[in-house]
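Read the structure below first, then the notes.
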Amino acid sequence: MSPWHASSARLPNTPSPRAIEDYPEIVQIVKTPTQRQNFSGKWHVDSTYLETPPDYTFLTARETPPLGGDTVFSNAEAVFHSLSEGLQALLENQEVEFASDVHATQRGQQLTNFSGSDADTYRAVHPAVMRHPRGGKRALYINEEHALAFKGMTREESQPLIRYLTERIAQSEFTFRLTWEKDMVALWDNRLVHHHAVNDYHGALRVMDRITVNDRGLEA
Ligand SMILES: [Fe+2]
């Protein structure tokens, strides 16, 4: 039996794109030529507002714009180790409240197959620094898209540090930019990698199929 388990990210009203009919494990992320806003435009780790966020994401390009629509990845382990020892120590002792509506906008109305509503919010607390269960690598887990605040701190107090860390994540020496081709598949480990979708292809269609999985239950 496969040790991989489907993640719980596809709750009925989870603010994410809908599952494909007859293929409940696959959600489709669609941006039509007339939509201005994209899904996952800010730096993030997938669904950290869930109690059990997905460990891995598979993304397949079904329709790609003629130009643009890249996904940019950042090595969160390298980012963490680039920080001063003092900041590393501070972050390692912090927990973060993540929320699905940190940047709530009109995204829901602007995405073709968005299944959530403004009333649905999800919240979860996770460490600011992920210690990977396989091998113990440490990586920055706090992310701009879903981090509401450090636990015990206000959002106002938290934002400057979240903003600073996001700038570090975005630094070119930590990043890899993937230009999609039709039917290309990418797989990444959400505990070590941050990503965001570049919204630079207005007027073109982009369709991506996403599957998320967890490896809970496997021995490290
Ligand atoms: Fe994502």
Residue match in segment 74-85 (condition: open to solvent by 20 Å² or more (accessible area, probe 1.4 Å), farther than 30 Å from residue 202 by Cα and under 16 Å from the mean Cα position of the chain (by Cα)): yes
Some residue of segment 154-173 being surrounded by 16 or more Cβ atoms within 10 Å (Cβ to Cβ) and in contact with a Lys or Arg (Cβ under 7 Å, 6 or more places away or on another chain): no
Within segment 45-85, tally of residues that are within 14 Å of the ligand (Cβ to nearest atom) and hydroxyl-bearing (Ser, Thr, Tyr): 8
Neighbours by Cβ (under 7 Å, 6+ apart or cross-chain): first from segment 187-210, in a loop (DSSP other than H, G, I, E, B); second within 13 Å of the ligand (Cβ to nearest atom) and polar (S, T, N, Q): 190/57; 199/38
All positions within segment 45-73 that are assigned to a strand (DSSP E or B) and open to solvent by 30 Å² or more (accessible area, probe 1.4 Å): 56, 58, 62, 63
Per-region count, segment 28-44, residues assigned to a strand (DSSP E or B) and within 11 Å of the ligand (Cβ to nearest atom): 2
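The values are calculated or read from the model by the stated rules, or taken from the named source; none is laboratory data. Keep in mind it's a predicted model, so treat the numbers as computed, not measured. All Cβ positions, glycine included, derive from the backbone under ideal geometry; neighbour counts span all protein chains shown. Please note that ligands, DNA and RNA were not included when accessible areas were found on the heavy atoms of the full protein model with its side chains. Shrake-Rupley method; radii C 1.70, N 1.55, O 1.52, S 1.80 Å.
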